[in-house]
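J.: Here it is, the structure, as structure tokens.
We did not get these values from a lab; they are worked out from the coordinates using the rules stated. Since this is a predicted model, take the numbers as computed values, not measurements. Glycine also receives a Cβ, built like all others from the backbone with ideal geometry; neighbour counts cover every protein chain displayed.
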Amino acid sequence: QAKQSGRAGYRFYNPDLDRRADEAYTIEARLKHVLKHGRLALHYQPVVDIGSGQLIGAEALVRIADNGGAPPGPATFIPIAEAAGLIGEIGDWVLREACRQHDAWLAEGLCVAIAINVSPLQFRQHDFAEKLGSILTDSGVDPTGLQLEITESTVMESIDEAIAILGRIKALGIKVALDDFGTGYSSLSRLSSLPLDKLKVDQSFVRNIESDQASRAVTEAIIALGRSLKLDVIGEGIESKDTLQYLQEHGCTQAQGYLFSQPLPASQFVQWHRQQHMH
Ligand code: C2E
Ligand code: MG
Ligand code: MG
Ligand code: MG
């Protein structure tokens, strides 16, 4: 391979990497513009109790809401924001906006616990817990109205540090879920030392429950592990009734996915909730 590519330097030229660097640069510029002009939005995806079908909360998912063409999703722009040093600003905005929305819904008589995703870099900011505390105080939101979602890999990067940060977050009265669980090569023995409330089964397993025996085996093991650690276990990415039924039969208690609803702008979320009540 190297021989064929001729002179030494050519081996390292990869047009695909080049294109991705260009894209990242364009997205970074767009993010700066969006932040400057207040064009981020949160969409909310319902989380339901599998047993009763009742709404128990919503996951807030950040969106670019400018009027440039089809915006990239957070799976694309969050890592770029992290690399560009913009994640602190985005993360703060998400926290404040979720608090504001929680309050606005309460004023309408709707009590929705909002789960917020926290990026690894944000989680490890030296003053993250303090900042969280002052945002809660400023907004007057009851801490039980907010939850944080931290990915398994965020925590496992440095588990002792994570335990300390989680301790400070939990001292504020905020619940914490371990997101995308099953993909992060957790040390199972250390998992039990983390002060967690919920485990979210990674979508890559949920998606393949109906077609793949290995995904079923991993899902069942994750649910069993979560239950034995006395955690709520959430299945996410549920798109079919069969998948939901399977998860319920194996002890999963909470559910999220397109089967119930896509993430929705706040006003549509309220409409969705009202319609559910009428059925
Ligand atoms: P996540 O926290 O695991 O969020 C779940 C993702 O799965 C969301 O994608 C959601 O729209 C999508 N989803 C939900 N149900 C289904 C389903 O039934 N089928 C399929 N195919 N997908 C489903 P989204 O909104 O594009 O977010 C992607 C990731 O970006 C999130 O994964 C999270 O890691 C990150 N993210 C989103 N919002 C924020 C944020 O405010 N801050 C940070 N730091 N990260 C965020
Ligand atoms: Mg999440
Ligand atoms: Mg997830
Ligand atoms: Mg994810």
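J.: Of the residues Ser228, Ser215, only one is hydroxyl-bearing (Ser, Thr, Tyr), within 16 Å of ligand 3 (Cβ to nearest atom) and closer than 26 Å to Ser189 by Cβ; which?
T.: Working: Ser228 fails: within 16 Å of ligand 3 (Cβ to nearest atom).
Answer to the check: Ser215.
J.: Tell me the residue from Ile150, Ile114 that is among the aliphatic types (A, V, I, L, M), in contact with a His (Cβ under 6 Å, 6 or more places away or on another chain) and within 20 Å of Glu236 (Cβ to Cβ), please.
T.: Unique residue meeting the criteria: Ile114.
J.: Still on this structure, I have one more. Tell me, which residue of the range 168-219 that is of a type in the set (Lys, Arg) and within 16 Å of ligand 2 (Cβ to nearest atom) is farthest from Gly133 (Cα to Cα)? Explain how you work it out, then say what you get.
T.: Just the residues of the range 168-219 that are of a type in the set (Lys, Arg), to begin with: 168, 170, 175, 190, 198, 200, 207, 216.
Restricting the remaining residues to those that are within 16 Å of ligand 2 (Cβ to nearest atom) gives 175, 198, 200, 207.
Numbers: Lys175: 13, Lys198: 21, Lys200: 25, Arg207: 36 Å.
Checking each candidate, the answer is Arg207.
J.: OK, next. Are any residues in the range 131-176 among the charged types (D, E, K, R), farther than 22 Å from Val112 by Cβ, assigned to a helix (DSSP H, G or I) and in contact (Cβ under 8 Å) with a residue 24 or more places away in the chain, and if so, which ones?
T.: Selection gives Lys131, Glu152, Glu161, Arg168.
J.: Taking Trp93 as meeting all but one of (1) touching a helix residue (DSSP H, G or I) at 6+ places or on another chain (Cβ under 9 Å); (2) under 30 Å from Ala29 (Cβ atoms); (3) touching a residue at least 40 places away in the same chain (Cβ under 8 Å); (4) not in a helix (DSSP H, G or I), write down the number of the exception.
T.: (4)
J.: Then there is this: Of everything in the range 24-72 that's under 30 Å from Gln248 (Cα atoms) and not in a strand (DSSP E or B), which residue is nearest to ligand 1 (Cβ to nearest atom)?
T.: Only one residue fits best here, namely Ile50.
J.: Here is a further query. Does at least one position in the range 238-247 carry a residue that is in a strand (DSSP E or B) and surrounded by 13 or more Cβ atoms within 10 Å (Cβ to Cβ)?
T.: No, the range 238-247 contains no residue that is in a strand (DSSP E or B) and surrounded by 13 or more Cβ atoms within 10 Å (Cβ to Cβ).
J.: Has the range 199-210 got any residue that is closer than 23 Å to Ala98 by Cα and within 16 Å of ligand 3 (Cβ to nearest atom)?
T.: yes
J.: Are there any pairs with C-beta distances below 6 angstrom linking a residue in the range 217-237 that is farther than 22 Å from Pro195 by Cβ to a residue that is in a helix (DSSP H, G or I), with the two at least 6 apart or on different chains, and if so which?
T.: Once the first residue is farther than 22 Å from Pro195 by Cβ and sits in the range 217-237, its partners that are in a helix (DSSP H, G or I) give Val218/Phe205; Thr219/Phe205; Gly235/Val206; Gly235/Leu247; Gly237/Gln203; Gly237/Val206.
J.: Let me ask something else. Going through Val201, Val218 one at a time, which residue ends up being within 12 Å of ligand 4 (Cβ to nearest atom) and either more than 17 Å from Gln256 (Cβ to Cβ) or surrounded by 19 or more Cβ atoms within 10 Å (Cβ to Cβ) (or both)?
T.: On the way: Val218 fails: within 12 Å of ligand 4 (Cβ to nearest atom).
Just a single option satisfies the conditions, and that option is Val201.
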